[in-house]
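Peer 1: Let me begin by handing over the structure; questions about it come next.
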Amino acid sequence: DGKGMLNDHSYHYIEHIRYRQGNKLPTLKQYLEVCKKYHKIAFIELKQIRDQRVDRVLQTVAQMHMEKQAVILSSSRIQIMIVRYFNKTIPVYYITYDRPATHSDFYFARKYHCGIDAQIRYLTYNQVQYAKKHHIPFAV
């Protein structure tokens, strides 16, 4: 029926889901292949993925030699810490979409060498200046 979280279904089930004019959902590898072919940055958001699967995502990115052509995004601090445990250099952004970034968020970004992805409506001049001073990438 195509309802629910992907994590709750088997690969066989997901493989047969169709969306938008009958297209299949691409696998991560297929997505990375297209990004690589057309020299595009692959944006990979870890949405409610089980923590143990974060390493599998990073392994796939590494197998495709896409570490410099991929960006990992997550609203989970634990997932970002796991990403940093396995890979120290891949660009990572901590998502704070639904609220203003806090001092704690900036501290976390500095500690784990990641950027902050925020909505522009929550962005302040002081935050931009702080991020600039501490070399914290900002995405809006």
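The values are calculated or read from the model by the stated rules, or taken from the named source; none is laboratory data. Just so it is clear, the structure is predicted and the values come from calculations on it, not from any experiment. FYI the Cβ positions are ideal-geometry reconstructions off the backbone, even for glycines, and counts take in every protein chain you see. The protein model used for the area step is the full one, side chains on, heavy atoms only, and it has no ligands, DNA or RNA in it. Shrake-Rupley method; radii C 1.70, N 1.55, O 1.52, S 1.80 Å.
Peer 1: Averaging sequence separations of C-alpha pairs under 8 Å and six or more residues apart, then dividing by the length of the range 29-76, give the relative contact order as a whole percent. Before the final figure, lay out the partial values.
Peer 2: Details: 41 pairs, mean separation 25.5, N = 48.
After rounding, I find 53 percent.
Peer 1: What order, most packed first, do the peptides 72-82, 111-121, 17-27, 50-60 have when packing is the mean number of other Cβ atoms within 10 Å of each residue?
Peer 2: On the way: 72-82: 19.1, 111-121: 16.2, 17-27: 9.8, 50-60: 14.5.
Averaged packing, sorted descending, gives the order 72-82, 111-121, 50-60, 17-27.
Peer 1: To continue, here is another question. Once you charge only the Cβ atoms, +1 for Lys and Arg and -1 for Asp and Glu, what is the size of the charge dipole of the chain about its Cα centre, to the nearest 20 debye?
Peer 2: Numbers: 22 positive and 11 negative charges, 63 e Å.
Once rounded to the nearest 20, the dipole reads 300 debye.
Peer 1: Let me ask something else. With viscosity set to 1.002 mPa s at 20 °C, what whole-number translational diffusion coefficient in µm²/s follows for the chain from Stokes-Einstein and a Kirkwood radius over Cα pairs?
Peer 2: Stokes-Einstein gives a translational diffusion coefficient of 130 µm²/s.
Peer 1: Just to make sure I understand: if all protein chains stay in place, what is the order of Thr89, Thr124 by accessible area at 1.4 Å, largest first? Don't skip to the answer; put the middle values down first.
Peer 2: Values: Thr89 115, Thr124 65 Å².
Largest accessible area first, the list is Thr89, Thr124.
Peer 1: Oh, and also: Can you say what percent of the DSSP beta bridges in the chain, counting only those with both residues inside, are antiparallel? Round to 5.
Peer 2: Numbers: 2 of 14 bridges.
Roughly 15 percent of the beta bridges in the chain run antiparallel, per DSSP.
Peer 1: Give me the one-decimal nm value for the distance between modelled label points at Lys29 and Tyr122, 7 Å along each residue's Cα-to-Cβ direction.
Peer 2: The two pseudo-label positions are separated by 3.6 nm.
Peer 1: Going Cα to Cα from Lys132, which lysines come in below 16 Å? Please leave out same-chain ones fewer than 8 positions away.
Peer 2: Excluding near neighbours in sequence, the set is Lys111.
Peer 1: Kindly provide the helix-only [θ] at 222 nm of the chain, computed as the sum of -39,500 (n - 2.57) over DSSP H runs of four or more divided by all residues, to the nearest 500 deg cm²/dmol? Write out the running numbers ahead of the final one.
Peer 2: Details: 6 runs with 56 residues, N = 140.
Helix contribution divided over all residues of the chain: -11500 deg cm²/dmol.
Peer 1: Calculate one ³J(HN,Hα) per residue across the range 42-55 by plugging θ = phi - 60° into the Karplus curve 6.51 cos²θ - 1.76 cosθ + 1.60, and present them in order as whole Hz with x for glycine and proline.
Peer 2: With the stated coefficients, the range 42-55 comes to 8, 9, 10, 9, 8, 9, 6, 7, 5, 3, 5, 8, 4, 4 Hz.
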